[in-house]
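Contents: one structure, followed by commentary.
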Amino acid sequence: RLDGAAVVVSLGGGTAVTQPLRSNPDAAAGSTGAGSTRGGVASSSATLASVIANQPSVLGHAGYQPMDLDAAFLFALRDDGSLQVFAQEPPPPPGIAAGDVQQKQLARAAANASAREAIAARLRGARGVGDDKIGNDKNDENDDESKGAAAAFPLDFFERTTCVTGEVTFGGDLARRTSSDSLRFALQSEDSHVEAPAPGACKVTMSLAKAGHVIVGLRVHLGNSGSTQTPTEMVIGPAPIPAPIPAPAPAPPPGVAPPRPPQSSNTTTTMTTTTTDGRRKFPFEIGARRWYDVPLTRIESVAAERDLVVYLGAAASPGTCVRVD
């Protein structure tokens, strides 16, 4: 295609069907239409070049056709970390609504999934209670947290969650120059970004007041503006409170000699206080445009309650402000 999008051609039923693989079909269609209305070959070519430049390229693709459904799926992975799913199914027979056909297929797929789950449960019961640790993500995460190792999360962690970006109130350094609503709109838009007010690390707070919900993870997109403004890392949790310095001993009453400190000819005793930072740090890949999935452990979610605090590290290029897409 002239606009640089890949096209899938499916053959079946004596007809050929095509479907373009676009990352943002609405934006591409609008840009192409705007170029044609202005007229002129130069305007149209410039618009197509802009569309191609803004389209993330496809890194890989895979096809899958389940036995439970009369449909084929194509998965396309792009260089920004996004995954697109395209579906192709034959038209319904004459006189039968497409919705009825889909309901029957979904019912058959649900019955088969329940049967497979029952078989897996019987197999786990045959191994015994003490050996049943396969697929138990909660136990694995508890073990990792108790041992101080990196917490392990299931691959489908975010598939079990609900996006609440539209209901979160943002604050911190990123919201210093703008309102929370403007910040939320910029983060939800594909073509906008948010920039820190000053170079160096910046603090971001997220408050969720929705009853019965708690923040369990973050999805962050970085790299649209290059590697210079990409933060090096993200630290989860508020900064630790420094340990208080012990107060000096009270002065003795008049006429009473103060106690003598222990004397040593080889060592000098000094009082110092240290604060241990046990927060988890999530590093970012410099020079890559992609999504980052950052799940939170149960300890981090409970500690945050309704207000989650994260710190974005300084940009890869010193003196530049951090930018989040």
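The values are calculated or read from the model by the stated rules, or taken from the named source; none is laboratory data. Note that this is a predicted model, so its numbers are computed, not measured. Cβ: placed from backbone, ideal geometry, glycine included. Neighbour counts: every protein chain shown. Calculation scope for accessible area: heavy atoms of the full protein, side chains included, ligands and nucleic acids excluded. Shrake-Rupley method; radii C 1.70, N 1.55, O 1.52, S 1.80 Å.
Determine which member of the set Lys210, Lys203 is under 15 Å from Leu308 (Cα atoms), loosely packed, with under 14 Cβ neighbours inside 10 Å and among the charged types (D, E, K, R).
Matching residue, one of Lys210, Lys203: Lys210.
What about Pro56, is it open to solvent by less than 50 Å² (accessible area, probe 1.4 Å) and either modelled with pLDDT under 80 or under 30 Å from Val220 (Cα atoms) (or both)?
For Pro56, the condition - open to solvent by less than 50 Å² (accessible area, probe 1.4 Å) and either modelled with pLDDT under 80 or under 30 Å from Val220 (Cα atoms) (or both) - is met.
Based on this model, can you work out whether Thr273 counts as open to solvent by 100 Å² or more (accessible area, probe 1.4 Å), at pLDDT below 65 and farther than 30 Å from Met206 by Cα?
no
Within the stretch 167-226, restricting attention to residues that are closer than 21 Å to Glu300 by Cβ and in contact with a Cys (Cβ under 9 Å, 6 or more places away or on another chain), which residue is modelled with the lowest pLDDT?
Among them, the one singled out is Leu174.
I need a count of the residues in the stretch 166-191 that are more than 19 Å from the chain's Cα centre (by Cα) and basic (Lys, Arg).
Qualifying residue count for the region: 2.
Give me the pairs, please: first residue somewhere in the stretch 113-124 and in a helix (DSSP H, G or I), second residue anywhere and surrounded by 10 or more Cβ atoms within 10 Å (Cβ to Cβ), beta-carbon distance under 9 Å, and either six or more positions apart or on two chains.
Ala113/Asp68; Ala120/Gly135; Arg124/Asp132; Arg124/Ile134; Arg124/Gly135
What number goes with the only condition from (1) open to solvent by 30 Å² or more (accessible area, probe 1.4 Å); (2) of a type outside the set (Ser, Thr, Tyr); (3) over 15 Å from the mean Cα position of the chain (by Cα) that Val194 does not pass?
Every listed condition holds for Val194 apart from (1).
Within the stretch 180-191, track down each residue that is open to solvent by less than 80 Å² (accessible area, probe 1.4 Å), without any contact (Cβ under 8 Å) to a residue 40 or more places away in the chain and assigned to a helix (DSSP H, G or I).
Correct list: Ser180, Ser182, Leu183, Arg184, Ala186.
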